[in-house]
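Before any comments, here is the structure.
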Amino acid sequence: MCYFLFIKDYFLGFWDYETPKVMVVKNKKLGVIYRGVQFLVITYFIWYVFISQKAYQDSETRPESSVYTKMKGTALQGDHILDMVEYVRPSEGGDVISTILRREVTHNQRQGTCAEHFTVPSANCSKDADCTSREVNFDGNGQRTGRCVPYYNQTFKTCEIQTWCPIEDYAAIWEPALTEAINFTVYIKNAIHFPKFKVLRGNIKPNKRNGQKYLNKCHYNEKEHPYCPIFRLGYIAEQAREKFSELCRTGGVIGVFINWKCDLDLDPSECTPTYSFRRLDLRKNLPSSGYNFRFAKYYSKDGEEFRTLIKAFGIRLDVIVHGHAGRFSIIPTIINTVTAMTSVGICSIICDWIMLTFIDKNDIYSDRKFDDLLTVPTEFTISYGSNHSDLSEGVAL
Amino acid sequence: MCYFLFIKDYFLGFWDYETPKVMVVKNKKLGVIYRGVQFLVITYFIWYVFISQKAYQDSETRPESSVYTKMKGTALQGDHILDMVEYVRPSEGGDVISTILRREVTHNQRQGTCAEHFTVPSANCSKDADCTSREVNFDGNGQRTGRCVPYYNQTFKTCEIQTWCPIEDYAAIWEPALTEAINFTVYIKNAIHFPKFKVLRGNIKPNKRNGQKYLNKCHYNEKEHPYCPIFRLGYIAEQAREKFSELCRTGGVIGVFINWKCDLDLDPSECTPTYSFRRLDLRKNLPSSGYNFRFAKYYSKDGEEFRTLIKAFGIRLDVIVHGHAGRFSIIPTIINTVTAMTSVGICSIICDWIMLTFIDKNDIYSDRKFDDLLTVPTEFTISYGSNHSDLSEGVAL
Amino acid sequence: MCYFLFIKDYFLGFWDYETPKVMVVKNKKLGVIYRGVQFLVITYFIWYVFISQKAYQDSETRPESSVYTKMKGTALQGDHILDMVEYVRPSEGGDVISTILRREVTHNQRQGTCAEHFTVPSANCSKDADCTSREVNFDGNGQRTGRCVPYYNQTFKTCEIQTWCPIEDYAAIWEPALTEAINFTVYIKNAIHFPKFKVLRGNIKPNKRNGQKYLNKCHYNEKEHPYCPIFRLGYIAEQAREKFSELCRTGGVIGVFINWKCDLDLDPSECTPTYSFRRLDLRKNLPSSGYNFRFAKYYSKDGEEFRTLIKAFGIRLDVIVHGHAGRFSIIPTIINTVTAMTSVGICSIICDWIMLTFIDKNDIYSDRKFDDLLTVPTEFTISYGSNHSDLSEGVAL
């Protein structure tokens, strides 16, 4: 034991080496148990800690990551052709990108007064007194003027409100879904950097043979094109186990996971990403499932502003990058080796317990293992110097 | 000790069991110290490591998280009704969402030339020579034309600049704050996924009884509606200890923290989030406190583009998700148990030190504990085989 | 050893103290090796673990961070003056901000039919039969009408498509780069919060003397203005080792890293950030290097919508915040001290191995260290009680 270093070097030499005295028990049963436990512990360390967990490596998670996304494809919406400028939001191409699959469009909304929608609580009325002026119903579309007006071209009446008219609930035109969007592609460029190891990797393989041409044509496919960073929306939906037609109806958020698992002891070219896809918003008929958002295009005519309100259902792709890199390093190797060796000590505890409880029926082992020493009374120790060896024998037995 | 395995099995049997020889000291004082230290160490491990830190669990932090936000509410700005399409940016509903609370609007800006604002350094002039043509002042609003012109309808003159005219500093109309925004609501849908445990949770409780209806009416409140994901802006400001009227004036960034602490050994339905709110941008009368941004709506009339410039003050909500999940696992349990047992060894170090320094006045203990062995000279060892037991006695004493 | 606690306190007193018996080997060579290894281990722990890695501190990484960015500057594009409302996207000022450096503008696009670009595969035609109606070529700009029309004012013909006309490839006007953008500035406000330590820090130093005035004038510079949060784009590009003119041409993504390394045992005012800049998108003549995106401004005239399509090349700044804080804590200090002491035990293993293999030529040490004990046959143990001391002697030798 090393710890006596600080106390004992004044009465024993500093350069002495101390080692514990050991009792060897020649008992087959105990030996087998002992070696068995040792084997388990050593196996655990070699197989699990060193081989599986790579404890000999210094590791880094959470690399610095940069994601750039760009969508491509055109679709026909009636007579109107939609290109990516119209269906992709935001346009800047960051790690979150939404594509519109279906729209409910309300054209030519203007600030003014019109009838509240009939489903809004207490919106139905027969006379002006039914509508409180300046009241704002939380579920309604605007502030009430206090008048009761015919509901658009219907015979019944609702309270008049001040808002963007006509109201969306009444005037929105449900466009059919962009089913062609299944063939839209999203190009995902990802570069990661492990600052500790100074390793920079990208998900586009430099390919001198075909280069840009390849990137213009390929579509990612785990087996055929694992290095192509261009993903069909249909492929993404399929991998996320979603029906594209269902996504068109309700919208949804899909996570695109880019996983980098880099063993830098191997060739860096082995450090390539894998992709996985999973729907992120909960479903299972939960209320408010899906993904939609509203935005408007504003126009002006003769100084008066009007807008086209669009409620968009679509897919939001969240690109999430996970990274892990490891490289051999001396310090974790030493630490884990020492831990392994120290942990082997647990074998002794188990075997000592077995030995002293189950095997040592006649106290032979414990007698030899334990050297009892009574507290020596003070008068007794006076004569101690002269008869040292006898005394210690006497105390021990 | 297990480590001799590799050296000794050629001269001692492989199946022998080795256990350290121990000296038992029957000293009450020492025994009490020893057991006391042991008690502290064991208590630390059981109470802190195992119960408080749950060291028997395999844990995962940083779940994959998906956030979807949507604001609701209408407000009256003079005669103009504002709905969420106008005051929420960006419209896509990600984890960062801004709501406009106050606007400074500059209408009908056009590309052209007009007078520079009088507060800009060296903008005041009395003749054309005071203004350098093509000079761009960094604090100014555009490039100087070299002319000195009357400042709008004032009597003094400033340098003329080429820019969007009229300049914002002169022409902006300060709209009153949207105090009704205190009742706006933000719906925050959050789904998390712990990939290691394959656990998927959302912050919306499936509620068959009322479902969608409940979500249309409820407002989050820690005590009454802990499972409602709809938050009043006023509630958020209050929880972040901010005055809403102050936020309307300067704007601010508020963090909405969703904390998931999941003990997966319990029923998964116990894994529910808690919310907390804190202002993220620094204040305390620091320069440039608050949150504002500028954007413009572009229009065209007779082929000429004009715009409405809006300087918006508002609340930016940053939804930040923290997660931690733990589940019983055999490997961390074993590792921590072994560590605990090994750490108990620290008791021996302390007690040995106490024993040898303070109690062992007559070297009785140290004599018995330490078995001194001198280096045997070479000539001496020749005769060693024949008289083994005597020699070893002689060396020891 | 402490572990016998549970078994032995019924036959030995609970308050007894057990300490391993130790053999002291007075061998200089071994002592020097032993102390040498000890010295290495202790040095490693004191220097690397405690001083360099600060193992006595409780630490927290990943602070809650809030970033607010704002750009400033004006540039002249021909006769058109551009201000930040036009060249910065998105306008909300989050942690990702793009500035446009060069634009390819297609004016007055309208929904209609026009000739496909001649580089699109199979777009060239001589008669209508060459063009399949309703076909959408993936690399093309829209759906074919089935007619073969003259390519704008050229003599050759291409298939007619239904799309936004005129097509970008033909009609885009390449504007010169905004070289003045090198002097644009970006103001980056960052506030972090370490929840465990309840420490809140910002990157703007409260400066009573000059305050807001200083922030209006200063430009960040590592040496002269380390506390100024305003960065020139030119400085950022320079620090990221990029040529600004090259960035204007292709665009690029630059990471702005804010590193907080806080030793909270020192004065909190020492906890200041450092900045570093690195290009994040891969280059090295890889295909699709750079950063660009498309967006459009929509207008309306006489009920007909038209748009200006802009392909923007620019710099995207990704502000990435790293944080680490540490503060003295008793628990990690104790744990690491115990680990250090336990690890010193590794010295014994090494020295025992050296001693028994290389030095102990005559088995003196191993004879004294190891106390062999044969398994005692059952009939032998019957007589054991009466002649205890002799027997144990006999078994041992």
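Numbers at a glance
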read-out: Rounded to 5, percent antiparallel among DSSP beta bridges of chain A; value: 85 percent
read-out: Antiparallel bridge percentage (DSSP; both residues within region B:189-343; nearest 5); value: 65 percent
read-out: 1.4 Å probe, heavy atoms, protein only - residues of region B:318-355 losing at least 40 Å² accessible area vs chain alone; value: B:Ile331, B:Val338, B:Met341, B:Thr342, B:Ile346, B:Ile349, B:Asp352
read-out: Sparse-neighbour loop sites [trypsin sites (Lys or Arg not before Pro); region B:187-266; at most 16 other C-beta within 10 Å; DSSP]; value: B:Lys196, B:Lys198, B:Lys208, B:Arg209, B:Lys223, B:Arg241, B:Lys243
read-out: Cut-off 14 Å between beta-carbons: net charge of the residues surrounding A:Asp265, Lys and Arg +1, Asp and Glu -1; value: -2
read-out: B:Val253 long-range amide H proximity, modeled H, under 5 Å; value: B:Leu280, B:Asp281, B:Arg316
read-out: For the protein assembly as shown: accessible area per residue (Å², 1.4 Å); value: 46 Å²
read-out: Percent accessible area from carbon and sulfur atoms, chain A, protein chains only, probe 1.4 Å; value: 55 percent
read-out: Exam field: B:Ile350 pseudo-label spacings to other copies (7 Å along Cα-Cβ), nanometres; value: 2.9, 2.9
read-out: For region B:151-158, Karplus couplings with θ = phi - 60° (6.51, -1.76, 1.60), whole Hz, Gly/Pro x; value: 6, 6, 9, 8, 8, 7, 10, 9
read-out: Charge context of B:Thr99, other residues only, Cβ under 13 angstrom, K/R +1, D/E -1; value: +2
read-out: Loop-located GluC sites (Glu not before Pro) in region B:12-103 whose Cβ has at most 11 other Cβ within 10 Å (DSSP); value: none
read-out: Dipole of region A:1-139, positive direction: furthest Cα of A:Leu101, A:Gly78, A:Gly31, with charges on the beta-carbon; value: A:Gly31
read-out: Accessible surface buried once A binds B (1.4 Å probe; total of both sides; Å²); value: 8000 Å²
read-out: Using a 7 Å Cα-to-Cβ projection, A:Gly36 label spacings across copies, nm, ascending; value: 4.2, 4.2
read-out: Chain-alone versus full-assembly comparison, region A:155-182, residues with accessible loss of at least 30 Å² (1.4 Å probe); value: A:Gln162, A:Trp164
read-out: Region B:21-126: chymotrypsin sites (Phe, Trp or Tyr not before Pro) in DSSP coil with no more than 14 other Cβ atoms inside 10 Å; value: none
read-out: Within the protein assembly as shown, percent of DSSP bridges classed antiparallel, to nearest 5; value: 80 percent
read-out: Using θ = phi - 60° and Karplus 6.51 cos²θ - 1.76 cosθ + 1.60, couplings along region C:43-55 (whole Hz; Gly, Pro as x); value: 4, 4, 5, 5, 6, 7, 6, 8, 7, 6, 8, 6, 6
read-out: Long-range HN-HN contacts of B:Glu18 with modeled amide H, under 5 Å; value: A:Val25
read-out: Interchain or long-range residues, amide H under 5 Å from A:Thr145's placed H; value: A:Arg134, A:Glu160, A:Ile161, A:Gln162
read-out: Proximal charge balance of C:Phe184 [Cβ under 13 Å; K/R count +1, D/E count -1]; value: 0
read-out: Region A:291-361-region B:83-109 distance, computed between alpha-carbon centres (Å); value: 35 Å
read-out: Inter-copy separations for B:Gly146, label at 7 Å along Cα-Cβ, nm, ascending; value: 6.2, 6.2
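The values are calculated or read from the model by the stated rules, or taken from the named source; none is laboratory data. This structure is a prediction, so every number in the text was calculated from the model and none was measured. Cβ sites come from the backbone with ideal geometry, for glycine too, and all protein chains shown count toward neighbours. Heads up: the accessible areas ignore ligands, DNA and RNA and are worked out on the full protein's heavy atoms, side chains in. Shrake-Rupley method; radii C 1.70, N 1.55, O 1.52, S 1.80 Å.
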